[in-house]
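Encoded as structure tokens, the structure appears first; notes follow it.
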Amino acid sequence: MSGPGTLALVGAGCGTGIASVCAIGMLQIEQLLGGLWSVAAVLLAAALCGLLARAFARLSAVVPSGAGLLAFLSRGLGRQSGLVIAAPYFLLTLILVGAEATIVGTLLARVLPVPVAAGALLFLVGTWALCRAGVQIGYRAQAAATAGLVLCMAWLSMLAITGAADRGSLASALIPHAPSAVHFMAGTGEALFLFMGFELITSHAEIARSPRAIGRSLPISVGVLAAFYSLVSLGFSCLDAKAAAAGYRFVPQLAIAEQARSPVAVALMIVLSLLASFTCFNGALLALSRFACALAAQGTLPRRFGRLDPRTMVPRKALSVLLAVAIGATALVGFGGALEPAILAAAIAASLVYGCAAWVRERPPFAEEERGRGIRLVGRALALGLFALGVAVAVDAGGARAGTLLLVGAAYGGALLLARRARPARLPEPAHGD
Amino acid sequence: MNPLVNAMSRFARAYNRRPDLMAEQRGWICTIALVASDSSASVAVRLENGLITCISDQAEADVVITSDEATLRDILELRRGPNEPYLFGDLTVRGRERDFLRLDYIAGVLCPE
């Protein structure tokens, strides 16, 4: 079969993981921990995701489904539980789109005479219109956009590190005071947010060149993401984090670009960030619209959203609903101060959903009969560790705690309502043949 | 007789009664196989220019759909749409995305769940 191979899948996994909003997440970790502690948090999160990558490879081998997380969790825990756990993860991803759109608006406002809100709206509506016309970014384009951003940010981070070394401030930048255990756990939980989406490689199982390509690309993606985030985290450590947070609240990637004192570097960063945001939103919008369409087709959401357009094979009505939600999320982030809560809520949902994935890997139909008791205990300990990270993020959220818990509560409340509406759709046996 | 072949014949009759739907699939050439995971039953259907040209019990195809036999029969006999078992991991698909999106569309039109 001529589907995507390992390299293309790694590009897709990293492309989904690396969004522009990740720069804000890294700055938050930098403010919480700083220096090598931030890198340690990223590497610990990467180690957990490495173990998760093995778990996801097994889940995908047993249930090679494009429905991914929902299919795995439903097979392992039951349909309603699967929906209640997976749906908030998708809903909070959509809230993150609000952050991504605000970043795009801020970037556009730096180079064009348009207000931030207008730039954000242009990004949302433009991407929606392309999705509505059936335009889907190919694997190569996504991989190229991701590679460009990775190389550019890695280069600028190296410049920041060597600049600090030249000024003689490298040691003080990299070795701050040791954080408390709760702070470190919260930082690690937030670092999980940086890896969010790597597991969506499993949703390519239906079209991948081979099942082994899925198994190989999951840990490779985690490795690439870990190396990238560690280097950029070091780069952020060499900036003045407080000044960066004040002057570049929505676009800390520009703080690292502008320290290079090169207009070309800044322009390159803006273009590559815009491309990364576009490829991320294009993929997310199409995937979430198909998910919403499938839920609507079986009556969990209003049925009018459950139709595919016969020409483009795109669920246009579902796409329009998602656009409305994305615009609402952008207003929430831009005007409602929900940037930090959106990131923290997504980190909590990621911890829970990843913990549940690790848990179901040790249950039928995923656990092998011959799997040893010791390794099963390790799998369950991984799940509990991930749950604990989610709790630490909530405990350590500070001033953003109320907003974070409100978003988490709304997402899980919405998922409970969805699960109540979900039921097996089956018509009675026909009385006479057909 | 292979129960999936019978069920596929019913599905084909329902499809052939919808010239509008067949017209929308003009230009589509594809072989689709349905394979039962809990029995040896399988069935394949060949579409050329949107017309069903052949139904057989082979398992080789451009798109392979796997689920338990009861679910496959329910879908082919239009008692149930494919979305629900797909979403919850009871039905898996392997093949080109554009082919199974089209298949999803046809099943959705014939069986509006």
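What to note about this one:
- The base-10 log of I(q)/I(0) for chain B, evaluated at q = 0.12, 0.15 Å⁻¹, reads -0.35, -0.56 [Debye formula, identical scatterers on Cα atoms, solvent excluded].
- The stretch A:230-320: Rg to Rh, with Rh as the Kirkwood radius over Cα pairs: 1.25
- Rounded to the nearest whole Hz, the Karplus-based 3J(HN,Hα) values (6.51 cos²θ - 1.76 cosθ + 1.60, θ = phi - 60°) of the stretch A:200-216 follow the sequence 5, 3, 5, 6, 9, 4, 6, 10, 4, 4, 7, x, 5, 4, 5, x, 6, with x at glycine and proline.
- Taking the centroid of alpha carbons for each part, the stretch B:72-113 and the stretch A:344-384 are 29 Å apart.
- Using the 1.4 Å probe convention, the accessible area of the stretch A:1-111 works out to 27 Å² per residue with neighbouring protein chains retained.
- Values of log10 I(q)/I(0), in the order q = 0.06, 0.13 Å⁻¹, for chain A under a Debye, Cα-only, solvent-free model: -0.24, -1.16
- A:GLU368-B:ARG10 FRET efficiency (beta carbon distance; Förster radius 60 Å; 0.05 resolution): 0.95
- With q set to 0.29 Å⁻¹, the log10 of I(q)/I(0) for the stretch A:145-206, from the Debye formula over equal scatterers at the Cα positions, is -1.04.
- Helix-derived mean residue ellipticity, 222 nm - over chain A, DSSP H n ≥ 4, -39500 (n - 2.57), to 500: -25500 deg cm²/dmol
- Averaging the Cα positions of each part gives two centres, and for the stretch A:130-165 and the stretch A:260-336 these lie 19 Å apart.
- For the stretch B:7-30, a decrease in accessible area of 30 Å² or greater in the assembled protein chains relative to the isolated chain, with a 1.4 Å probe, applies to B:ARG10.
- Placing +1 on the Cβ of every Lys and Arg and -1 on the Cβ of every Asp and Glu, with nothing else charged, gives the protein assembly as shown a dipole about its Cα centre of roughly 560 debye.
- Equivalent ellipsoid semi-axes, the stretch A:299-434, via Cα gyration tensor eigenvalues times 5, rooted, Å: 33, 30, 13
- Burial of 10 Å² or greater, the stretch A:41-71 residues [accessible area, probe 1.4 Å, versus chain by itself]: A:VAL63, A:PRO64, A:SER65, A:ALA67, A:LEU70, A:ALA71
- Average accessible surface for the stretch A:289-387: 40 Å² per residue, computed with a 1.4 Å probe over protein heavy atoms with every protein chain in place.
- Ordered from longest to shortest, the equivalent ellipsoid semi-axes for the stretch A:107-214 are 34, 25, 17 Å, each the square root of 5 times a Cα gyration tensor eigenvalue.
- Spread over its residues, the convex hull of the C-alpha atoms of the stretch A:5-151 is 166 Å³ per residue.
- Choice from A:GLY374, A:GLY17, A:GLY187 showing the highest fluctuation, given a GNM over chain A with Cα pairs closer than 10 Å: A:GLY374
- Build a GNM of chain A with springs between Cα atoms under 10 Å apart, and of A:PRO310, A:PRO219, A:PRO263 the one that fluctuates most is A:PRO310.
- Inter-part distance, the stretch A:83-98 to the stretch A:2-40, computed on C-alpha centroids, equals 18 Å.
- With contacts taken as Cα pairs under 8 Å at a separation of at least 6 residues, chain A carries a relative contact order of 32 percent.
- Residues in the stretch A:289-303 occluded by at least 20 Å² - accessible area, probe radius 1.4 Å, against chain by itself: A:ARG290, A:ALA294, A:ALA297, A:GLN298, A:ARG303
- For the stretch A:266-377: rounded, prolate or oblate by the Cα gyration tensor [a/c cutoff 1.5]: oblate
- The portion of the accessible surface of the protein assembly as shown made up by carbon and sulfur, rounded to a whole percent, is 63 (1.4 Å probe; DNA, RNA and ligands excluded).
- Dipole magnitude (debye, nearest 20) for the stretch A:169-328, charges at Cβ of Lys, Arg, Asp, Glu: 740 debye
- Spin-label model, A:ARG420/A:VAL264: points 7 Å from Cα along the beta carbon direction are separated by 6.1 nm.
- Chain B: most fluctuating residue of B:SER67, B:SER56, B:SER39 per GNM, C-alpha cutoff 10 Å: B:SER39
- Between A and B, buried accessible area from a 1.4 angstrom probe totals roughly 3100 Å², ignoring ligands, DNA and RNA.
- Rg/Rh, computed from the Cα trace of the stretch A:1-53 with Rh as the Kirkwood radius, has the value 1.11.
- In Hz, Karplus ³J(HN,Hα) per residue of the stretch A:140-148 (6.51, -1.76, 1.60; θ = phi - 60°; x = Gly, Pro): 5, 5, 5, 5, 5, 4, 5, 4, x
- Considering only B:VAL93, B:GLN58, B:ALA7, and ranking their Cα positions along the charge dipole of the stretch B:1-101 that arises from unit charges at the beta-carbon of Lys, Arg, Asp and Glu, the one farthest toward the positive end is B:ALA7.
The values are calculated or read from the model by the stated rules, or taken from the named source; none is laboratory data. Note that the structure is a prediction, hence the values are computed from the model and not measured. Here Cβ is always computed from backbone atoms with ideal geometry, including for glycine, and neighbour counts include all displayed protein chains. Protein only, heavy atoms only, side chains kept; ligands, DNA and RNA dropped before computing areas. Shrake-Rupley method; radii C 1.70, N 1.55, O 1.52, S 1.80 Å.
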